[in-house]
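Undergrad: Below you'll find the structure I mean.
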Amino acid sequence: MKNKKEISKKLIDWYYQNARSLPWRTIGGAHFDPYQVWISEIMLQQTTVKTVEGYFLKWITRFPNLKTLADANIEEVLLYWQGLGYYTRARKIHECAKVLQEKYQGQFPKDRKELLKLPGIGPYSASSILAFAFNQKETVMDGNVIRVLSRLYGIETAVDKNKIFELAEQLTDDEKPADYASAIMDLGATVCSPSNAKCLLCPWQEFCVAKQKGIQDKIPLIQKPEKKIFEGYVHIIKDEKGRFFIQKREEKGLLHGLYEFPWQKEKTFLFESDWKETKKRVSHTFTHFHLTLHLIETTVKTVPLNGAFVSPDDFSKYPFSTLMKKVIHQVLN
Ligand code: SF4
């Protein structure tokens, strides 16, 4: 392998000609606003760039800085997060904004240890903030980086993140860490794609072991655990005015704080009524499992549960998970 400085310089030069224009990005050094870096990084965890772009722009229009976010009501924050999934992230962002306002004079610390004390900021987010917002020599590693480096070094064994992190660290540029981190992500996203890598456009083609061996498509070797499959039953409870019963999910656990039609894994009815089983169902895939919900319906005057009847016209005022939006789609069609 060639001199590491030369490898990283080639990539950065390529980046200056080919960088993606992204709303949260500054090309040529640190971003002017750590807040924007932070929001985009958290949104991008488990979500595609294409999806995040729209969410990010709406978010920054409504919450342009830490203060507006810290002052906002959590339900409104969840509404702006609605559809991105992993709602704990939105709650942590809100909590973190408050802590930064109250204890850090509305400024992001430039120190890794301090950043890691903040709610929702783990090693990956801390590295991203330090690299992208403060141009500090930090190694940022996501799925794109793992794929590119596995191919560059021709690693044919199962992915070992610690080993790849070491390689990533060695290549990180001393003088332009922000641009280097963006560059390697762009290379993975636009050239060294999961299938059909465009090696002829790649600034690293002369160094790349996988290209030399013609094994790009076999690398990286990732062993994914099989997802579990669950079923459940969702209660569609209507009143005589055509409104639907929804409730706020308990404060702890999956999707907490969001609104939902009551559902459970057991096929038992929540209270006595004239329930009808339907053929309607919705399926959703979470990180570790698939869930299929069967819809059961009834019409009542009152409900012995905490919650409220809401007109479909008002559904947009409540934060629902993507799973529940799929239920709404079934109910209204
Ligand atoms: S040469 Fe091909 S496989 Fe190697 S890093 Fe570049 S795009 Fe990826």
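Undergrad: Every residue in region 190-223 that is in contact (Cβ under 8 Å) with a residue 24 or more places away in the chain, more than 8 Å from the ligand (Cβ to nearest atom), out of contact with any strand residue (DSSP E or B) (no Cβ under 9 Å at 6 or more places or on another chain) and among the polar types (S, T, N, Q), please.
TA: Result: T190, Q212.
Undergrad: Run L255 past the list (1) farther than 26 Å from Q46 by Cα; (2) part of a loop (DSSP other than H, G, I, E, B); (3) aliphatic (A, V, I, L, M) and report the number of the one that doesn't hold.
TA: (1)
Undergrad: Let me ask something additional. How many residues are over 14 Å from L11 (Cβ atoms) and either within 16 Å of the ligand (Cβ to nearest atom) or of a type outside the set (S, T, N, Q) (or both) if we restrict to region 152-173?
TA: So in region 152-173, the residues over 14 Å from L11 (Cβ atoms) come out as 153-166, 169.
Now drop any that are not either within 16 Å of the ligand (Cβ to nearest atom) or of a type outside the set (S, T, N, Q) (or both), which leaves 153-156, 158-161, 163-166, 169.
So the count comes out to 13.
Undergrad: When you scan region 289-302, do you find a residue that is buried (at least 16 other Cβ atoms within 10 Å of the Cβ), touching a Leu at 6+ places or on another chain (Cβ under 9 Å) and part of a strand (DSSP E or B), even just one?
TA: yes
Undergrad: What residue, of S21, S8, is in the same structural domain as H94 (by TED's automatic domain parsing), polar (S, T, N, Q), within 22 Å of S150 (Cα to Cα) and over 12 Å from the mean Cα position of the chain (by Cα)? Steps first, answer last, please.
TA: Values: S21 fails: within 22 Å of S150 (Cα to Cα).
Only one candidate qualifies: S8.
Undergrad: Right, here's the next one. Would you confirm, using the coordinates I've provided, whether A90 is under 26 Å from L255 (Cβ atoms), crowded, with 18+ Cβ neighbours inside 10 Å and over 19 Å from the mean Cα position of the chain (by Cα)? Before the answer, list the steps.
TA: On the way: under 26 Å from L255 (Cβ atoms): yes; crowded, with 18+ Cβ neighbours inside 10 Å: yes; over 19 Å from the mean Cα position of the chain (by Cα): no.
No, not satisfied.
Undergrad: Within region 312-322, is there a residue that is in a strand (DSSP E or B) and either under 30 Å from Q45 (Cα atoms) or modelled with pLDDT of 90 or more (or both)? I'd like the intermediate steps shown before the answer.
TA: Within region 312-322, the subset in a strand (DSSP E or B) is 320.
Next, only the ones that are either under 30 Å from Q45 (Cα atoms) or modelled with pLDDT of 90 or more (or both) stay: 320.
Checked region 312-322: at least one residue is in a strand (DSSP E or B) and either under 30 Å from Q45 (Cα atoms) or modelled with pLDDT of 90 or more (or both).
Undergrad: Then there's this: In the set E272, E231, E266, which member is loosely packed, with under 13 Cβ neighbours inside 10 Å, touching a residue at least 24 places away in the same chain (Cβ under 8 Å), over 30 Å from K92 (Cβ atoms) and not aromatic (F, W, Y)? If you could, list the steps in order and put the result at the bottom.
TA: On the way: E272 fails: touching a residue at least 24 places away in the same chain (Cβ under 8 Å); E231 fails: loosely packed, with under 13 Cβ neighbours inside 10 Å.
Every option except E266 fails the conditions.
Undergrad: In this structure, does L187 turn out to be near the ligand (Cβ under 8 Å from one of its atoms), assigned by TED's automatic domain parsing to the domain that holds N144 and modelled with pLDDT of 95 or more? Don't jump to the end; show me each part of the working.
TA: Values: near the ligand (Cβ under 8 Å from one of its atoms): yes; assigned by TED's automatic domain parsing to the domain that holds N144: yes; modelled with pLDDT of 95 or more: yes.
Considered against the rule, which asks whether it is near the ligand (Cβ under 8 Å from one of its atoms), assigned by TED's automatic domain parsing to the domain that holds N144 and modelled with pLDDT of 95 or more, L187 comes out as yes.
Undergrad: Among the residues of region 172-216, which ones are within 18 Å of N18 (Cβ to Cβ) and of a type in the set (A, V, I, L, M)?
TA: Result: A178, A181, A183, I184, M185, L187, A189, V191, A197, L200, L201.
Undergrad: Name every residue in region 103-122 that is exposed (fewer than 14 other Cβ atoms within 10 Å of the Cβ), within 21 Å of the chain's Cα centre (by Cα) and either assigned to a helix (DSSP H, G or I) or at positive phi (or both), in order of residue number.
TA: Passing the criteria: only L116.
Undergrad: Out of L57, L22, L84, L66, I need the residue that is touching a Pro at 6+ places or on another chain (Cβ under 8 Å) and of a type outside the set (F, W, Y). Which one?
TA: Working: L22 fails: touching a Pro at 6+ places or on another chain (Cβ under 8 Å); L84 fails: touching a Pro at 6+ places or on another chain (Cβ under 8 Å); L66 fails: touching a Pro at 6+ places or on another chain (Cβ under 8 Å).
None of the others qualify; the one that does is L57.
The values are calculated or read from the model by the stated rules, or taken from the named source; none is laboratory data. Predicted model only: the values in this text are computed from it and were never measured. In this analysis, Cβ positions are derived from the backbone assuming ideal geometry, glycine residues included, and neighbour counts consider all displayed protein chains.
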